Amino acid sequence: MTPGPSSGTGFQKVLDNMTAPKLPGQQSGALFSSAGSSAVLEKSSPAVEFRNIEIAYGKFVAVRDFSLSIQKGSFVTLLGPSGCGKTTILRSIAGLVDISGGQIMIDGRRVDDVPIYKRNIGLVFQSYALFPHKSVFDNVAFGLKYHNVPKSDIERKVGKALEMVRLPGSEKKLPSQLSGGQQQRIALARAIVFEPQVLLLDEPLSALDANMREEMRVEIKKIQKETGITAIFVTHDQEEALSMSDRIVVMNAGAMEQIGAPEEVYEMPATAFVADFLGKANMLAGTVSKSDGPTATVTLAAGQTVKVVSPKPLSPGAPVTVVVRPEKLSLESGAMANRLTGRVASTSYLGGSATYEIDIGGKRTVRVNTQINGRVVREGGAINIGFDPAGCVLLDEKGIRIS
Amino acid sequence: MKISPTITVAAGLSTGADKRHEDGQMLRVRTTKGWTLYDPRLAWMLVAPVLLLLIIFLVLPIAVMAVYTFFTFVTAGVETGTLTTANWHEFLTDSYYHGFLWKTLRVAAMTALLCGVLGYFPAYFIWATTFKHKWLLLLLLIVPFWISFTIRTFSWINILGEQGVINVALLKMGIISEPLPMLYNEGAVIVGLLHFLLPYMILNVYVSLESIDRTLISAARSMGCTSAQAFREVTLPLSLPGLAAGLLLCFVLAAGSYVTPQLLGSGRDALFGNLISDTIMEQLNWPMGATLSIVLFVVLGFFAAIYTRYMGMSQIVKGLGG
Ligand SMILES: Nc1ncnc2c1ncn2[C@@H]1O[C@H](COP(=O)(O)OP(=O)(O)OP(=O)(O)O)[C@@H](O)[C@H]1O
Ligand SMILES: [Mg+2]
């Protein structure tokens, strides 16, 4: 079996290519003219690579100087606030928007000039984008038909894909006869059935209700693992990003802020933006009052002093921002090194845990998220909070993590 | 206890009423001076003027016409109230009338089809263009309506006639030695009807194109369709409801036309509308004129009904797209 560009993965095993594992691209030629040498390329070239791309809508630059390399079979999430250019980047891979600078490579081949219909990419839209006038079968078979898959194979592959998304037997239904979650499953089946090189998902879960969303999260991740397809997922939901991704790309205003594994991005935010956007960290501004090797003492704007562990010696008098995650703060901590005293401004009881907004003076409130053992502290109650000196991240005056 | 939104709103608006909803307490629809929000009586009051107008100026005249079909024609301008089926008998047996009816339907169908073919492209263009001032293009569609329909029809005489622009130009250029007979035939009538009906067709198609979710086209393209294939698979089928509505509209309007054949056609090109006019205005035969009117009314109504039934289905399909 000669491996095609995406065949080193488990894809074939799952979708069972049977006798002739012909990839659509190999038939149409142009795109995979180097398919023979792809066995070599495969190891060396990432599935998708952006090199300093820039995308402009008229005069407005939506994405600037964006470089990213995505490994084969990985699940990468573009995370960022609304309007930061996530969709634009995704559409540029598919060829739905033109880049005004830089290069995009898919499997090591430049695709800037490859038209959309030859790019071999699976797209899942937020709005499902199922063809309302076609049955589920015709929707899923659509990509196969235009990738010259023989009729006899189409039926089998559609059946397999529908099984994969747990909707076997729904071939004859119209999209309107399905629920939102089911429609999104069909959209997913439709996007993966023709074995694209990359699967692009643009906020596929945001139109679903909360329960469905969680279920689909697990399911998408499972299918991605099974097929081994490279997936690029766009969301502005941090929970989605953290739970599904191998790597997260945090974006802000058309540029990349940080890239890394979920834990990395969460535990060690590179910038103030990432710290704030992911998990709403507490940002306590202050100045270094004493520096002693790896530990330093910081005087906060509200007057308290805290001890922090810094990866690099700090010079006294330097302004720093101490970033502490709400979960890293604990209540009534007798033994904790850093103790802040405050008053509960608001309490959100969340079942097993509670979130408090605590006024620590100086017009600052600190958010604490903690397991409830004992009683829930109500609004107005005085409270002590503390955190481990090593449990925080320090940012310099430009908002960049000190490392 | 579930509180329906209607009731809640009604309660919210009420003045002086008790606003507490306590579980287990009987929930009554709160009213203000005996009226509830969305009161059916209010709906009737709002519809009444239109309803009254429709009854007085549409339903009643048609009913009177229907009665007239059974009156006896004595001589030009004179009829008696003696009831007879002679008019209907005449219509049903005389092939003269059948010929007219058939020709009218044929010309109307041809006009509608031509409208469909010629109208789809401009509609598609307006929809697809990235031109910033799309509204201007749509406005251009409506501009013809600013000029009286009769004047617009007359203008064709100056274009197609023996002394018209085309003939004069061709004669001057020496391409022809005698004026081409372009006016006062069925072709001229159809051209006139096209001129009148194309904007309706274009607007109908445009509206249905505009309701197509453009991500569907992106989806089709990403799955390997060229632009042309995406059009055939997605855009065309989803715009068919608009095309169908346009066809029906053009067909009915063309079949009921009277001015255009009168001005641009010869006697042989008269349509059913002209026949009715002739029967009433020239022969002063009101009972027969009424019979023919009712016939046209029923026939076109029949087409519209069948069509709407079929279109109702495709409309559902279209609704799913949005
Ligand atoms: N067709 C367009 N023409 C002009 N500007 C556009 C166009 N599409 C997007 N933009 C702009 O480009 C920027 C990035 O848009 P994009 O759709 O990529 O954002 P996004 O990150 O996907 O946001 P969201 O989370 O809201 O989907 C936005 O500021 C938007 O206003
Ligand atoms: Mg978006």
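The values are calculated or read from the model by the stated rules, or taken from the named source; none is laboratory data. Just so it is clear, the structure is predicted and the values come from calculations on it, not from any experiment. Here the Cβ is made from the backbone with ideal geometry for all residues, glycine too, and neighbour counts use every protein chain on show. We work out accessible area using only protein heavy atoms, side chains counted, and drop any ligands, DNA or RNA first. Shrake-Rupley method; radii C 1.70, N 1.55, O 1.52, S 1.80 Å.
Among the residues of the range A:292-326, those identified as over 16 Å from A:E397 (Cβ atoms) and among the small types (G, A, S) are A:G293, A:A302, A:G303. Residue count for the range A:376-387, restricted to those that are outside any loop (DSSP other than H, G, I, E, B) and either open to solvent by less than 40 Å² (accessible area, probe 1.4 Å) or charged (D, E, K, R) (or both): 4. Collect the residues in the range B:30-60 that are free of Cβ contacts under 8 Å to residues at least 24 places away in the same chain and assigned to a loop (DSSP other than H, G, I, E, B), keeping them in residue-number order. B:R30, B:T31, B:K33, B:G34, B:D39 - these are the residues of the range B:30-60 that are free of Cβ contacts under 8 Å to residues at least 24 places away in the same chain and assigned to a loop (DSSP other than H, G, I, E, B). Restricting attention to the range A:58-82 and to residues that are within 11 Å of ligand 1 (Cβ to nearest atom) and free of Cβ contacts under 8 Å to residues at least 24 places away in the same chain, the residue that is surrounded by the most Cβ atoms within 10 Å (Cβ to Cβ) turns out to be A:F60. Per the listing B:T226, B:T235, the residue uniquely in contact with a helix residue (DSSP H, G or I) (Cβ under 8 Å, 6 or more places away or on another chain) and open to solvent by less than 20 Å² (accessible area, probe 1.4 Å) is B:T235. Identification of helices (runs of 4 or more DSSP H) wholly contained in the range A:179-261 with 3 or more residues that are out of contact with any Ser or Thr (no Cβ under 9 Å at 6 or more places or on another chain), of a type in the set (D, E) and more than 16 Å from ligand 1 (Cβ to nearest atom) yields A:210-227.
Taking the criterion of being within 15 Å of ligand 1 (Cβ to nearest atom), within 14 Å of chain B (Cβ to nearest Cβ) and open to solvent by 10 Å² or more (accessible area, probe 1.4 Å), the residues of the range A:96-128 that qualify are A:L96, A:V97, A:D98, A:L123, A:F125, A:Q126, A:S127. For the range A:262-276, a residue qualifies if it is in a helix (DSSP H, G or I) and surrounded by fewer than 23 Cβ atoms within 10 Å (Cβ to Cβ), and the qualifying residues are A:P262, A:E263, A:E264, A:Y266, A:E267, A:A272, A:F273, A:D276.
Consider the range A:129-144 and keep the residues that are part of a helix (DSSP H, G or I) and open to solvent by 20 Å² or more (accessible area, probe 1.4 Å). The one that is nearest to the other protein chains (Cβ to nearest Cβ) is A:D138. Answer with yes or no whether A:T88 is within 15 Å of ligand 1 (Cβ to nearest atom), more than 9 Å from chain B (Cβ to nearest Cβ), in contact with a Pro (Cβ under 9 Å, 6 or more places away or on another chain) and over 22 Å from A:N148 (Cβ atoms). No, not satisfied. B:R214 fulfils the conditions (1) in contact (Cβ under 8 Å) with a residue 40 or more places away in the chain; (2) within 14 Å of another protein chain (Cβ to nearest Cβ) except for a single criterion, (1). Being touching a residue at least 12 places away in the same chain (Cβ under 8 Å) and assigned by TED's automatic domain parsing to the domain that holds B:I280 is a description that does not apply to B:T130.
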